[in-house]
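Taking it in order: structure first as structure tokens, then the write-up.
The values are calculated or read from the model by the stated rules, or taken from the named source; none is laboratory data. Only a predicted model underlies this, so the values are computations on that prediction, with no experimental measurement involved. All Cβ positions, glycine included, derive from the backbone under ideal geometry; neighbour counts span all protein chains shown. Note: areas computed on protein heavy atoms with side chains; ligands, DNA, RNA excluded. Shrake-Rupley method; radii C 1.70, N 1.55, O 1.52, S 1.80 Å.
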There are 2 protein chains.
Amino acid sequence: MLGYGELLAFDRMAADARLAPDLRRRAILSEMAAGEIANYRRLVGRLSALDVDPEAAMRPYQEPLRAYHDRTVPHDWLEALTKAYVGDGIADDFFKEMVGFLDEPDRGLVQRVVHDSRYNEFAASEIKAAISADPKVANRLSMWARRLIGEGLIQAQTVAVARPALAELIVNASGDQSGVQALLKRLAQTHGQRMADVGLNN
Amino acid sequence: MLGYGELLAFDRMAADARLAPDLRRRAILSEMAAGEIANYRRLVGRLSALDVDPEAAMRPYQEPLRAYHDRTVPHDWLEALTKAYVGDGIADDFFKEMVGFLDEPDRGLVQRVVHDSRYNEFAASEIKAAISADPKVANRLSMWARRLIGEGLIQAQTVAVARPALAELIVNASGDQSGVQALLKRLAQTHGQRMADVGLNN
């Protein structure tokens, strides 16, 4: 799921980079995209080492991940950046939670897959600058971020229903259902903090 | 010109990767795209070190490079691969010619910008396999390659007319007009050999 997620994130971020107001910013989003494909390669390498066909392993996740992106196509540069900021932020928090559940070499692999923080800082500073230039932007981007989260949750639910083994894995690793609730709460809290950091309302 | 060329190559290859018949091949073209953006960064770094604004320096080349890509949008996976194979091949040959004209640090920079040969080998083996499965493919892709070269020459001509200083640079470095003719002849010969290597007619 993470592997196909990276491949699709590459594809969509590369396209979103066209929305940038200048070449400098366009190049930075393009580099963020390029980082996703490096992560994809790492994850596929591990699947192959486990003798798993990456194509077959990723097939069940193609439809929900594609649906997420199709329903959250950014209309301008700030929406594109907010999508990268919010999406990569939650993905990284999720990876960090998973680290505790994993043995080596998967633990090390997942630690390497976490995004380069300088890109997050770039996205954060762009969003903050736009809000300070025009405070109305905060409301629009806050709504957009809620839509991203909403669509993400819908697709996560689809995956959990279609792939009970994956849901079970997270339940077992978290201990029990209340462990999962605690995990989701931590993800929600960190997301809320990340939104507040750039002046967005959760 | 090379810098903006890399940025646009990233953008178009990332989009072309969607034409791949499976995830493995899609990832390889995506990685080729990611390599272009790394080269873009290297070239921009050098422009900045020379106190040149990359945006301003690239502006004159945006229109001809965009026109080249707009007129050569691949319709399928083999056209996309042939475009990468032919385009990167000529670009690399050009870079290698330029190395002799440059002092350090530009010489070392241009050497690093040359593409990773394993991607060229991948493109070559895909094209050869497609031709061996269906010999009619050779004719179609040979025509396509001629169109790529034709559009490339038209845009190169546009640049040479609009930017006489650049044309002059290459003339001076080559010695004189006959030096330029010899350079173009070498590029054409290597291109012809590369076409023959995969079973295409020049």
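Scanning segment A:117-132 for residues that are among the hydrophobic types (A, V, I, L, M, F, W, C) and surrounded by 15 or more Cβ atoms within 10 Å (Cβ to Cβ) yields A:Phe122, A:Ala123, A:Ala124, A:Ile127, A:Ala130, A:Ile131. Can you find even one residue in segment A:165-175 that is among the hydrophobic types (A, V, I, L, M, F, W, C) and crowded, with 18+ Cβ neighbours inside 10 Å? No, every residue in segment A:165-175 fails to be among the hydrophobic types (A, V, I, L, M, F, W, C) and crowded, with 18+ Cβ neighbours inside 10 Å.
Listed by first and then second residue, the pairs linking a residue in segment A:131-151 that is small (Gly, Ala, Ser) to a residue that is surrounded by fewer than 17 Cβ atoms within 10 Å (Cβ to Cβ), with Cβ atoms under 8 Å apart and 6 or more places separating them unless they lie on different chains, are A:Ala138/A:Asn201; A:Ser142/A:Asn201; A:Ser142/A:Asn202; A:Ala145/A:Asn202.
Residue-level analysis places B:Arg42 among those that are within 14 Å of another protein chain (Cβ to nearest Cβ) and either under 25 Å from B:Asp197 (Cα atoms) or open to solvent by 50 Å² or more (accessible area, probe 1.4 Å) (or both). The single condition among (1) over 13 Å from the mean Cα position of the chain (by Cα); (2) in a helix (DSSP H, G or I); (3) more than 25 Å from B:Pro54 (Cα to Cα) that A:Ala17 does not meet is (3).
Close Cβ contacts (under 9 Å, 6 or more residues apart or on different chains) running from residues in segment B:10-25 that are at the interface with chain A (Cβ under 7 Å from one of its Cβ atoms) to residues that are not in a helix (DSSP H, G or I) comprise B:Ala15/B:Val73. When B:Pro135, B:Pro105 are checked against the criterion of being within 27 Å of B:Leu7 (Cβ to Cβ) and open to solvent by 60 Å² or more (accessible area, probe 1.4 Å), B:Pro105 stands alone in meeting it.
Here A:Val114 passes the criteria (1) loosely packed, with under 14 Cβ neighbours inside 10 Å; (2) under 30 Å from A:Leu169 (Cβ atoms); (3) without any contact (Cβ under 8 Å) to a residue 40 or more places away in the chain except the one numbered (1). Residues being surrounded by fewer than 20 Cβ atoms within 10 Å (Cβ to Cβ) and within 14 Å of another protein chain (Cβ to nearest Cβ) are represented in segment B:70-91 by at least one member. Restricting B:Ala9, B:Ala17, B:Ala27, B:Ala33 to those that are closer than 26 Å to B:Leu187 by Cα, open to solvent by less than 20 Å² (accessible area, probe 1.4 Å), out of contact with any Gly (no Cβ under 8 Å at 6 or more places or on another chain) and of a type in the set (A, V, I, L, M, F, W, C) reduces the list to B:Ala33. Checking each residue in segment A:45-56 for being within 21 Å of A:Gln111 (Cβ to Cβ), more than 7 Å from chain B (Cβ to nearest Cβ) and part of a helix (DSSP H, G or I) picks out A:Gly45, A:Arg46, A:Leu47, A:Ser48, A:Ala49. Taking segment B:56-67 as the range and being over 19 Å from the mean Cα position of the chain (by Cα) and surrounded by 14 or more Cβ atoms within 10 Å (Cβ to Cβ) as the test, only B:Ala57 passes. Residue count for segment A:178-202 satisfying the condition of being part of a helix (DSSP H, G or I) and either within 18 Å of A:Glu121 (Cα to Cα) or among the aromatic types (Phe, Trp, Tyr) (or both): 8. Among residues of segment A:33-53 that are under 10 Å from B:Ser30 (Cβ atoms), those with a beta-carbon under 7 Å from a residue that is of a type in the set (Val, Ile, Thr) at least six positions away or on a different chain give the pairs A:Ala34/B:Ile37.
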